[in-house]
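S.K.: First the structure, which I've put down as structure tokens, then a few questions once you've had a look.
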Amino acid sequence: MQLRKVAIGLIVIASLSTLTACGAGENAAARNITKVTDGAETTVMTDTSALKLRGFLLVAQPDGSAVLVGTIINSNSTPDSLLGISVNNVLATVTSATNVISENIPMIFEGDSANAKAVIPGLGVKAGNTVELSFFFNTAGVVTVKAIVRDQRDTYAGVTA
């Protein structure tokens with residue numbers, strides 16, 4: 001009798017665990033999450049760095065230059081410094097009040113909250129191409145991502161050199 005109660009209890013527990021599994025299957029909302037931006041993203045996590053590069057892309061300009069769009073966030077209590085940026089080995093002209101990226105004070109290239117600007121003169125790339133975008137940091141070192149080039153329309157119509 002005692003063994004029968006234990007067996008029934010185990011069967012009930014086993015059936016309940018299958019009922020609590022994710023029933024949404026392959027089309028579950030959590031499986032269909034997509035990136036909100038077409039910009040390049042990466043994270044640099046080391047003992048001395050905790051940088052997040054988010055939404056980086058270039059906007060091609062009519063004169064052949066390009067303008068950088070994206071955000072750098074430092075989540076480390078130790079500040080890092082942006083020493084420079086290059087695209088396909090062409091140095092960008094970076095303008096910012098400071099090159100220091102402090103904890104949770106993002107460096108934002110373009111947009112309403114922008115506090116930095118980077119223009120790559122004479123790059124001559126067309127929209128739709130990808131480029132090698134390199135950031136040079138004092139502590140994190142060199143961080144390189146592949147970024148897409150967009151044309152100056154729609155969301156990026158106001159992005160000018």
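The values are calculated or read from the model by the stated rules, or taken from the named source; none is laboratory data. Owing to the predicted nature of the structure, the values given are computational and were not obtained by experimental measurement. Positions of Cβ are generated from backbone atoms using ideal geometry, with glycine treated the same way; all protein chains shown enter the neighbour counts.
S.K.: Among the residues of the range 151-158, is any in contact with a strand residue (DSSP E or B) (Cβ under 7 Å, 6 or more places away or on another chain) and crowded, with 21+ Cβ neighbours inside 10 Å? Before the answer, list the steps.
M.R.: Going through the range 151-158, the residues in contact with a strand residue (DSSP E or B) (Cβ under 7 Å, 6 or more places away or on another chain) turn out to be 151-152, 156.
Among the residues that remain, those that are also crowded, with 21+ Cβ neighbours inside 10 Å are: none.
Checking the range 151-158: not a single residue is in contact with a strand residue (DSSP E or B) (Cβ under 7 Å, 6 or more places away or on another chain) and crowded, with 21+ Cβ neighbours inside 10 Å.
S.K.: It is to be established whether one or more residues within the range 124-137 are touching a residue at least 60 places away in the same chain (Cβ under 8 Å), among the β-branched types (Val, Ile, Thr) and in a strand (DSSP E or B).
M.R.: As a first pass, look at the range 124-137 and keep what is touching a residue at least 60 places away in the same chain (Cβ under 8 Å): 124-127, 131, 133, 135, 137.
Restricting the remaining residues to those that are among the β-branched types (Val, Ile, Thr) gives 125, 131.
After this cut, where a residue has to be in a strand (DSSP E or B) as well, the list is 131.
The answer is yes, given that some residue of the range 124-137 is touching a residue at least 60 places away in the same chain (Cβ under 8 Å), among the β-branched types (Val, Ile, Thr) and in a strand (DSSP E or B).
S.K.: Let me ask something else. Here is a list: 157, 116, 147. Which entry is over 23 Å from residue 97 (Cβ atoms), free of Cβ contacts under 8 Å to residues at least 60 places away in the same chain and small (Gly, Ala, Ser)?
M.R.: Details: 116 fails: over 23 Å from residue 97 (Cβ atoms); 147 fails: free of Cβ contacts under 8 Å to residues at least 60 places away in the same chain.
Answer to the selection: 157.
S.K.: How many of the residues in the range 101-123 are out of contact with any strand residue (DSSP E or B) (no Cβ under 6 Å at 6 or more places or on another chain) and not in a loop (DSSP other than H, G, I, E, B)? Talk me through it step by step, then tell me what you get.
M.R.: Start the filter on the range 101-123 by keeping residues that are out of contact with any strand residue (DSSP E or B) (no Cβ under 6 Å at 6 or more places or on another chain), which leaves 102, 104-105, 111-113, 121-122.
Checking which are not in a loop (DSSP other than H, G, I, E, B) leaves us with none.
Summing the residues that are out of contact with any strand residue (DSSP E or B) (no Cβ under 6 Å at 6 or more places or on another chain) and not in a loop (DSSP other than H, G, I, E, B) in the range 101-123 gives 0.
Rundown of residues vs (1) at pLDDT below 95; (2) in a loop (DSSP other than H, G, I, E, B), yes/no style:
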position: 38; (1), (2): yes, yes
position: 57; (1), (2): no, no
position: 63; (1), (2): no, yes
position: 81; (1), (2): no, no
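S.K.: Restricting to the range 114-142, what's the tally of residues that are under 17 Å from the mean Cα position of the chain (by Cα), polar (S, T, N, Q) and closer than 20 Å to residue 153 by Cα?
M.R.: 1
S.K.: Go through the range 104-113 and report how many residues are closer than 19 Å to residue 153 by Cα and surrounded by fewer than 21 Cβ atoms within 10 Å (Cβ to Cβ).
M.R.: 2
S.K.: Can you confirm whether the range 55-69 contains a residue that is surrounded by 18 or more Cβ atoms within 10 Å (Cβ to Cβ), polar (S, T, N, Q) and either touching a helix residue (DSSP H, G or I) at 6+ places or on another chain (Cβ under 9 Å) or assigned by TED's automatic domain parsing to the domain that holds residue 39 (or both)?
M.R.: Yes, some residue in the range 55-69 is surrounded by 18 or more Cβ atoms within 10 Å (Cβ to Cβ), polar (S, T, N, Q) and either touching a helix residue (DSSP H, G or I) at 6+ places or on another chain (Cβ under 9 Å) or assigned by TED's automatic domain parsing to the domain that holds residue 39 (or both).
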